[in-house]
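Okay, structure first, notes after.
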Amino acid sequence: MHDAAQEDAADKLDRLVRHAATGPALPCAVVHPVDAAALEGAMEAAAHGLIRPILVGPAARIRAAAEQAGIDLSAATIEDVPHSHAAAERAVALVREGRAGALLKGSLHTDELMAAVVAREAGLRTERRISHCFILDVPRYHKPLVVTDAAINIEPDLETKADIARNAIDLCHALGIARPKLAVLAAVEVVTPKQPATVDAAALSKMADRGQIEGGIVDGPLAFDNAISLEAARSKHLESPVAGDPDILLVPDLTAGNMLAKQLQYLAGAESAGIVVGARVPIALTSRAEGPRARLASCAVMRLAVGMRVTKHGDD
């Protein structure tokens, strides 16, 4: 049964990649890809027609890593810069110049890349707060599940959570989900001032009712069990348009989100893709711990997310 679940997950990821590859390949700046894992991910995405990679980093190190790993770079161009900090700045500049439509993290720390992205004058800010979405294929859940934010905003306030919700809803639209259901998670499903996450969840739900968060169905607070399981919700006599069928789980803070996403990966066998949204272009934050399928799926989601609605600061 486990093998069947794995095969079904593989089919879902394959469908995602095929769907994303139907349009023209996306010019993508790959930031500091100086090891085999980063180069393999970029070039496999190129082979599937998802991206046209622009490798931004020290050219000699990039070519040496490719030669050592036997990776063909003929489908890529190289922007030669001296180090990872310069690579992050140059990759962001390529977006601003219109030469790249997405960013793919290579062999540098996430903080270093995101510092260039959020730079006030030369970065890629929009009117939205930037946030991260894990797109998880959990074998025991009936559809893809988005967990947000588990990587960028550490302790988001209500205003930031509203943008996190908007970003995730827009991403679901880009993935073909017309009216996504968003569960705002807390430890309990009742509102209590002793647990501020429940108060934020109730406010987000009412904001959606009043049109301040558009495009989806938002409900909370919901504990994890009654968010995921309709039976658990019914056992508590909880009526919710989201319970048992969420597309999105909005977590109280980064710690809770990171733990939830990794538990689903390592204990429930979930495969994942992950991107940063809310900037001018989508950004794939892949890691060495991810396998080649996860990196490919992240590029597929990134390709689809190019169609997301983005509001820029000014016209520059």
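About the Cα centre, and with charges only on the beta carbon of Lys, Arg (+1) and Asp, Glu (-1), how big is the dipole of the chain? Nearest 20 debye, please. Before the final figure, lay out the partial values.
Details: 33 positive and 40 negative charges, 85 e Å.
Roughly 400 debye for the chain.
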For the chain, build the charge dipole from Cβ charges (+1 Lys, Arg; -1 Asp, Glu) around the Cα centre, then report which of 224, 302, 250 sits farthest towards its positive end.
302
Find the all-direction average of the projected area of the Cα convex hull for the stretch 106-263, expressing the result in square nanometres with one decimal place.
10.3 nm²
Amide H contacts under 5 Å for residue 286, restricted to residues at least 5 apart in sequence or on another chain and with H modeled in the peptide plane, are 105
Pairs of Lys in the chain closer than 17 Å at Cα, counting only those 8 or more apart or on different chains:
5
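State, to one decimal in nm², a quarter of the convex hull surface area for the C-alpha atoms of the stretch 12-138, i.e. the direction-averaged projected area.
8.6 nm²
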Radius ratio Rg over Rh of the chain, counting only Cα atoms, Kirkwood formula for Rh:
0.98
Over the stretch 181-316, with a single point scatterer placed on each C-alpha, what log10 of the ratio I(q)/I(0) does the Debye formula yield at q = 0.12, 0.15 1/Å?
-0.59, -0.89
Per 10 angstrom bin, beginning at 0 and ending with the bin that holds the maximum distance, the Cα pairs of the stretch 241-283 fall in percents of 21, 46, 30, 3
By count of other Cβ within 10 Å, fewest leading, how are 77, 22, 198 ordered?
22, 77, 198
The stretch 127-278 - percent relative contact order, Cα under 8 Å, separation 6 or more
36 percent
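Readers should treat all values here as calculations from the given coordinates under stated rules, not as data from a laboratory. Being a predicted model, the structure only gives us computed values, none of them experimental. We place every Cβ from the backbone using ideal geometry, glycine too, and count neighbours over all the protein chains shown.
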